[in-house]
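These notes are about the structure you will find just below.
The values are calculated or read from the model by the stated rules, or taken from the named source; none is laboratory data. Just so we're clear, the structure is a prediction, and the values are computed from it rather than from any experiment. Heads up, the Cβs are rebuilt from the backbone with ideal geometry, glycines too, and the neighbour counts pull from every protein chain shown. With ligands, DNA and RNA removed, areas are computed over all heavy atoms of the protein, side chains included. Shrake-Rupley method; radii C 1.70, N 1.55, O 1.52, S 1.80 Å.
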Amino acid sequence: MPVSALHHFTIRCTPAELPPLVDFYTRVLRLEVGARPEIPAPGAWLYAQGQPIVHLYANLVTPDQLAEPVTGHVDHISFRSRGLAEMRAHLAAQGIRFAEAPIPGWDIHQLFLHDPRGLKIEMTFWMDQEEGNAA
């Protein structure tokens, strides 16, 4: 069985970085804070339509104290998205800078933005599913 969708991703952060990350993902991407199992460090699970897709994990130690390496090689995280025109307006109203990237020869349009720690976020819109079908 091939991989068919993003289930979730985890972002490590410090306890001080947790509030701005929760704010960004709930205010800008409109995810919702939801249930999270008992984990011995602060954090949040952020949901979209009942599915936890972003896990925030506030380590209580510095990266050099971790037993496992911190993976800093993630280029970006992509979310399948709908409502391109409305999202453009929402991001502008939030004061969030973004870049647009229509894919030549494909019916896909992308928006790129960054979270408070600099992680690149891609929002991918399938234009044949967009209302009015216009970029």
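Side notes on the structure shown:
- Radius 9 Å from Cβ of HIS109, net charge of other residues (Lys, Arg +1; Asp, Glu -1): -3
- Peptides ranked, highest mean first, by Cβ atoms within 10 Å: ranges 103-111, 48-56: 48-56, 103-111
- Whole-number percent relative contact order across region 18-61, with pairs defined as alpha carbons under 8 Å at least 6 apart: 33 percent
- Label-to-label distance, ASP107 versus HIS90, with points set 7 angstrom from Cα along the beta-carbon direction: 2.3 nm.
- Surface share of carbon and sulfur [accessible, 1.4 angstrom probe, percent] for region 1-46: 63 percent
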